[in-house]
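> Here it is: the structure, laid out below.
We did not get these values from a lab; they are worked out from the coordinates using the rules stated. These numbers were taken from a predicted model, which means no experiment stands behind them. No Cβ is skipped: glycine too gets one built from the backbone with ideal geometry, and neighbour counts run over all protein chains shown.
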Amino acid sequence: MFVWSKVSPVSKQSILEDQFLGLAQTNAVITELSGKKRFRIEVYCDDKNDAQKILNEFGGHVSELKIKDWAKMNASSDRPPIKIRDRLIITDTDEPKEIKKIYDRFEGRDVISIPAALAFGTGDHETTSTCLRLLVDLAKEYNKSNEDWSLCDIGTGTGILAIAAKMLGSKMVECFDFDSTAISIAKRNISKNQMPGILIYEADLFEWEPKKKKCWDIITANIFANVLNANLSKIFNALAPEGNLILSGILREHENSVIESAQKTSLIDPIIYRKGKWVSMHYRKE
Ligand SMILES: C[S@@+](CC[C@H](N)C(=O)[O-])C[C@H]1O[C@@H](n2cnc3c(N)ncnc32)[C@H](O)[C@@H]1O
């Protein structure tokens, strides 16, 4: 694994973010540096040539990521637990003793352990936390009426949304990602959180064919607008009648394009949640 990185002034942040993140370059990680005047952008590449190409275009530098760095990235940090409604706690520790302490401290809530890793979805990003809150609310509705419900998570990253769905009582959970590293990490998280029965596989949404049509009660897709727009009709067909679609990871400037693409598949009147520059949408299929 190779990592390209560059430190730049914050004035250039949105341009660079759009260039990397908007192009579904999802192995990009942006970190604000102390003083908030500069930020570091890193892009993780399996192939050294890919890292080299970015270097040629944008400057910065390339280094090899050693096994010990991976271990360091996966080590627990001191990030405070993240509360999702009165139902879930997300922690980055995977120490059983620490997890037990969190269960004791937040009685009545379930705890999901997602250590920091080379995949997106540790719960602290607005796009993920909004999906989690919506999931908690929908699970409450389904569980109250004793209905079985199913969920498919598109672009699962660390597997956080799939794990949450299973923990919240979903009977059938499926998830996929096109990034093999994310799949390995998600598999590990599913196992560590003791949530067997989640079907997980590597697939690109552009080639994905749902095994059954009109089958999922909930579909979550926290992916960039360009990927969503191109695949909304397929996602719509996979959704059960009266199913719920949670879309996230949409930059504000792409909000209208997603609404227009959704309209073409007859998805209308979303509830829209805006947080900073990010937008999430909740659609119900009629
Ligand atoms: C923003 S992350 C979301 C991760 C997690 N679901 C969450 O909500 O935190 C987007 C994920 O989608 C995956 N992804 C992007 N484009 C994809 C595609 N065409 N097919 C499948 N997965 C894709 C990325 O690898 C990444 O893990």
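> As a check on your grasp of the helix formula, calculate [θ] at 222 nm for the chain: sum -39500 (n - 2.57) over DSSP H runs of n ≥ 4, divide by the residue count, round to the nearest 500.
After summing the helix terms and dividing by residue count, I get -11000 deg cm²/dmol.
> Something else about it: Taking 22 Å as R0, compute the FRET efficiency from the Cβ-Cβ separation of PHE58 and THR181 and round it to 0.05.
Given R0 = 22 Å and the Cβ-Cβ separation, E is 0.50.
> Exceeding 20 Å between C-alpha atoms, which entries from my cross-link table qualify? They are LYS140/LYS171; LYS100/LYS171; LYS97/LYS192; LYS97/LYS171; LYS212/LYS234; LYS101/LYS166.
From LYS140/LYS171; LYS100/LYS171; LYS97/LYS192; LYS97/LYS171; LYS212/LYS234; LYS101/LYS166, over 20 Å: LYS100/LYS171; LYS97/LYS171; LYS101/LYS166.
> Under 37 °C and 0.692 mPa s, how fast does the stretch 170-229 diffuse according to Stokes-Einstein, given a Kirkwood radius computed over C-alpha pairs? Answer in µm²/s, whole number.
Reported coefficient: 254 µm²/s.
> In whole percent, what relative contact order does the stretch 116-192 give with Cα contacts below 8 Å and a gap of six or more residues?
Normalised by residue count, the contact order of the stretch 116-192 is 34 percent.
> When the convex hull of the C-alpha atoms of the chain is computed, what volume per residue in Å³ does it have?
Here the figure is 134 Å³ per residue.
> Next up: By count of other Cβ within 10 Å, fewest leading, how are TYR283, TYR103, TYR201 ordered?
TYR201, TYR103, TYR283
> Let me ask something additional. Going by how many other Cβ atoms sit within 10 Å of their own, how do THR130, THR156, THR122, THR181 line up, fewest first?
THR181, THR122, THR130, THR156
> With 10 angstrom as the radius, rank ASP110, ASP204 by how many other C-beta atoms surround their C-beta, starting from the fewest.
So the ranking, lowest neighbour count to highest, is ASP204, ASP110.
> Within the stretch 109-141, which residues have the backbone N less than 13 Å from the label spot 7 Å out from LYS234 along Cα→beta-carbon, could you tell me?
Taking a point 7 Å out along Cα→Cβ of LYS234, no residue of the stretch 109-141 has its backbone N under 13 Å.
> Calculate the length of the line joining the C-alpha centroid of the stretch 187-223 to that of the stretch 86-162, in whole Å.
The stretch 187-223 and the stretch 86-162 have Cα centres spaced 15 Å from each other.
> In addition: Where both partners of a DSSP beta bridge lie in the chain, what percent of those bridges are antiparallel, to the nearest 5?
On the way: 31 of 55 bridges.
Roughly 55 percent of the DSSP beta bridges within the chain come out antiparallel.
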